Amino acid sequence: MNIRLGISTNFAIKRWADPEDWVRMVAKDLGLEQIQFSFDQFDPRSRQDIMAAYAYRVRNACEKYGARIHSTFTGLSIYPHNLLYHPLAEGREDAVDWFVKAFAMTRELGADAIGGPYGGMDLATFRDPERREEIEALAEEVLVRLLWLAEDYGIKRFIGSRRRFCGKVLSESIRHAVIWSASTG
């Protein structure tokens, strides 16, 4: 079995902001080729031209040091957001916007996989079994939509897409979407 080790850029957040520095550290100091880019390193909602310029720097540094961006990670800065579990439709649509921008930056970085949390439920929703079930179903619908949108950005793997979602077995529709997503890689 051949196993390739890599590292997330979480170690570099705020300490080494220039891709030249953290890619060199990963490739030369740690001897690794695979990098998971954390969106804590750079916000995917930046203007398209700014994001593209930063991604260009990352790709150039990777080429220079013999590394590659394997995947992207939602990061810790987005973690406290409700995202797909937001109790309001506007919040869930904002999550779609965030993920679509993350898909675009993932593509710009030359990767075809993204991972991380889908969001969290607010306390009022969690405590109300009927509302919780409704929000879980809505979150599931949004996740299926995101899996299909990911294809437009060349995303082949949405890491974390699995049979269980919020502690329950996924519906048939989302299992098919997850299976489709996994099979495109």
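The values are calculated or read from the model by the stated rules, or taken from the named source; none is laboratory data. Since we're looking at a predicted model, the values are computed, not measured. No Cβ is skipped: glycine too gets one built from the backbone with ideal geometry, and neighbour counts run over all protein chains shown. These area figures cover heavy atoms from the full protein model, side chains too; ligands, DNA and RNA do not enter into them. Shrake-Rupley method; radii C 1.70, N 1.55, O 1.52, S 1.80 Å.
Answer yes or no as to whether ALA102 is surrounded by fewer than 22 Cβ atoms within 10 Å (Cβ to Cβ) and assigned to a helix (DSSP H, G or I).
On the way: surrounded by fewer than 22 Cβ atoms within 10 Å (Cβ to Cβ): no; assigned to a helix (DSSP H, G or I): yes.
No.
In the list LEU149, LEU138, which residue meets the criterion of being within 30 Å of ILE35 (Cβ to Cβ) and in a helix (DSSP H, G or I)?
On inspection, the qualifying residue turns out to be LEU149.
Report every pair of residues separated by at least 6 positions or lying on different chains whose Cβ atoms are under 6 Å apart, first residue within segment 67-79 and assigned to a loop (DSSP other than H, G, I, E, B), second surrounded by fewer than 19 Cβ atoms within 10 Å (Cβ to Cβ) and not hydrophobic (A, V, I, L, M, F, W, C).
Listed pairs, sorted by first residue: ALA67/GLU33; TYR79/PRO117.
Please state which one of GLY31, GLY115 is open to solvent by less than 70 Å² (accessible area, probe 1.4 Å) and more than 12 Å from the chain's Cα centre (by Cα).
Numbers: GLY115 fails: more than 12 Å from the chain's Cα centre (by Cα).
Selected residue: GLY31, the only one of GLY31, GLY115 that is open to solvent by less than 70 Å² (accessible area, probe 1.4 Å) and more than 12 Å from the chain's Cα centre (by Cα).
Scan segment 69-79 and tell me whether some residue there is of a type in the set (A, V, I, L, M), more than 26 Å from ASP29 (Cα to Cα), open to solvent by less than 60 Å² (accessible area, probe 1.4 Å) and out of contact with any Cys (no Cβ under 9 Å at 6 or more places or on another chain). Before the answer, list the steps.
The initial filter retains those residues of segment 69-79 that are of a type in the set (A, V, I, L, M), namely 69, 76, 78.
Within this subset, residues satisfying the condition of being more than 26 Å from ASP29 (Cα to Cα) are 78.
Now drop any that are not open to solvent by less than 60 Å² (accessible area, probe 1.4 Å), which leaves 78.
So of that shortlist, the ones also out of contact with any Cys (no Cβ under 9 Å at 6 or more places or on another chain) come out as 78.
Yes.
Considering every residue within segment 52-62, establish whether at least one is in contact with a Cys (Cβ under 6 Å, 6 or more places away or on another chain) and modelled with pLDDT of 95 or more. Give the steps one after another, and end with the answer.
Let us first name the residues in segment 52-62 that are in contact with a Cys (Cβ under 6 Å, 6 or more places away or on another chain), namely none.
No, there is no match, as no residue in segment 52-62 is in contact with a Cys (Cβ under 6 Å, 6 or more places away or on another chain) and modelled with pLDDT of 95 or more.
Can you confirm whether segment 39-50 contains a residue that is within 28 Å of ARG4 (Cα to Cα), touching a residue at least 24 places away in the same chain (Cβ under 8 Å) and in a helix (DSSP H, G or I)?
No, the conditions are met nowhere in segment 39-50.
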